[in-house]
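Report on the following structure.
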Ligand SMILES: O=C(O)CCC(=O)C(=O)O
Ligand SMILES: [Fe+2]
């Protein structure tokens, strides 16, 4: 987005240069016109005899032939192509990809996701207001309409209806208008129909016919809605608009997830709360000099926050190293093992090897000191960047039994634990939430979250299902370190019971170690 901002400045300067050049051309044309006028005035004064003089006759003919050709050429000499080409060339040169239709609808979808998650009011949003603060520009009726259209294209009629209503409302006070009312009405009618309000859909379409009698579909639509109402109540007051959100998006815990994202955290069981404490971890030689601050957020399953474990310099370096490599994040298809993009994970990510830079190597080693887990089988550092509406819907980090192909190539077993570094924190949103635990961790810069994904038995712990909430404002950078089972036989030995829920918090607890 920041690159794009630069491109927009380029565009502005090219438009300015174009206008300046065009103005010069038009000035010249104006001078020609004035000359014509003054000569004509003179001719008018003289009368028809004006051309009985051979010089005047010659000049008149010349003006209407060769001079006119010049004027004609000048009128045609519009430099638009030259300037457009210069923008295109600059884009190619700077390698900044210009957004396309897909990006536009993606950005609109992001707005809708944020609206749902953070319960943002459409009118506020369209006026540039987020959580009561004016943060952006007002949208025009056309801007608003485009958000509704993006919803429509995804068959999301709840948001289509909401945003088309806002668009219509905006249009009322707009002068000059940025869109025709008839365009909005057709979408509005269809969304009403989809939300079960055929009578209002019909009324809206009739209004459309009145405004635009030649609309290519309106009359047909009236008949279509009328046919549907055949034998049904048609008279009396129109039924109220009931605009319900369709929850069927494959995320069962949607409501609980979104509540956690907003920071609505259910109270914690006092018995559990007693087990939560902070301590200084000094159980390794190096840590005696530089202990790590540990905060136990959940005891069972264990979720821990390591405070201030990286420096500003380190996180900046990691971001710098990752930035040129960032690619749209993928997810692993559970059955084929193939990597693919999906709307439930919107971020950019890159992998960094320890050998790439001493900072990466240092962080990798520190993960060992933090967790006391063997790092030989850990995955490389995965750096992720979340922008506008960036998020990762509820998921498990470990591979489930049915995911036969996951991590097979690595031959290091499953992801036993996750370390998640917060390298840049958003202004609002972007919490890491554990739906089943009712835990929401709002990113704090340079801290790292840790949790075990597996029971001691090696069985995946379903309670670790977690998500990255959409970023509402600002940018979020994290780095993941996924630690694998292989190599942990001596540090975190297996449990005897396959279904054993017990955990060995002592892995991280200094009191369990004889220093
Ligand atoms: O960014 C976050 O808060 C969580 C990221 C995550 O769960 C993942 O990348 O697997
Ligand atoms: Fe995750």
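A few remarks follow.
- Some residue of the stretch 75-85 being part of a helix (DSSP H, G or I) and under 16 Å from the mean Cα position of the chain (by Cα): no
- Matching option when the condition is buried (at least 22 other Cβ atoms within 10 Å of the Cβ) and within 19 Å of residue 122 (Cβ to Cβ), among 208, 192, 202, 171: 192
- Restricting attention to the stretch 459-489, the residues that are more than 13 Å from ligand 2 (Cβ to nearest atom), more than 21 Å from residue 367 (Cβ to Cβ) and not in a strand (DSSP E or B) add up to 6.
- When each of 428, 451 is tested for being within 14 Å of ligand 2 (Cβ to nearest atom), in contact with a strand residue (DSSP E or B) (Cβ under 8 Å, 6 or more places away or on another chain) and closer than 24 Å to residue 268 by Cβ, the lone residue that passes is 451.
- Residue within the stretch 477-484 that is more than 16 Å from ligand 1 (Cβ to nearest atom) and modelled with pLDDT under 95 present: no
This table checks each residue for (1) within 25 Å of residue 436 (Cα to Cα); (2) at pLDDT 90 or above; (3) more than 27 Å from the chain's Cα centre (by Cα); (4) within 16 Å of ligand 2 (Cβ to nearest atom).
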site: 277; (1), (2), (3), (4): yes, no, yes, no
site: 311; (1), (2), (3), (4): no, yes, yes, no
site: 362; (1), (2), (3), (4): no, yes, yes, no
site: 391; (1), (2), (3), (4): yes, yes, no, yes
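- Boolean, residue 350 is in the same structural domain as residue 428 (by TED's automatic domain parsing), surrounded by fewer than 16 Cβ atoms within 10 Å (Cβ to Cβ) and in contact with a strand residue (DSSP E or B) (Cβ under 7 Å, 6 or more places away or on another chain): no
- Looking across the stretch 364-406 at every residue that is more than 20 Å from residue 332 (Cα to Cα) and within 14 Å of ligand 1 (Cβ to nearest atom), the one that is surrounded by the most Cβ atoms within 10 Å (Cβ to Cβ) is identified as 389.
- Taken as a whole, the structure places residue 414 among residues that are surrounded by 21 or more Cβ atoms within 10 Å (Cβ to Cβ) and in the same structural domain as residue 349 (by TED's automatic domain parsing).
- Within the stretch 418-450, being more than 29 Å from residue 377 (Cβ to Cβ), part of a strand (DSSP E or B) and more than 11 Å from ligand 1 (Cβ to nearest atom) holds for one residue alone: 428.
- A Cβ distance below 6 Å, combined with a sequence gap of six or more or placement on separate chains, defines the contacts here; from the stretch 461-472, residues that are more than 14 Å from residue 256 (Cα to Cα) reach residues that are modelled with pLDDT under 95 and near ligand 1 (Cβ under 8 Å from one of its atoms) in the pairs 471/386.
- Here residue 120 fulfils each of the conditions (1) closer than 30 Å to residue 259 by Cβ; (2) touching a residue at least 12 places away in the same chain (Cβ under 8 Å) apart from (2).
- Filter result (touching a helix residue (DSSP H, G or I) at 6+ places or on another chain (Cβ under 7 Å) and in contact (Cβ under 8 Å) with a residue 60 or more places away in the chain) within the stretch 449-460: 450, 451
Residues are listed down the side, and each one gets a yes or a no for (1) outside any helix (DSSP H, G or I); (2) assigned by TED's automatic domain parsing to the domain that holds residue 191; (3) free of Cβ contacts under 8 Å to residues at least 60 places away in the same chain:
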{"position": "216", "(1), (2), (3)": "yes, yes, yes"}
{"position": "219", "(1), (2), (3)": "no, yes, yes"}
{"position": "234", "(1), (2), (3)": "yes, no, yes"}
{"position": "237", "(1), (2), (3)": "yes, no, yes"}
{"position": "242", "(1), (2), (3)": "yes, no, yes"}
{"position": "259", "(1), (2), (3)": "no, no, yes"}
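The values are calculated or read from the model by the stated rules, or taken from the named source; none is laboratory data. All figures in this text were calculated on a predicted structure; none of them were measured in a lab. Backbone-built Cβ (ideal geometry, glycine too); neighbour counts: all protein chains shown.
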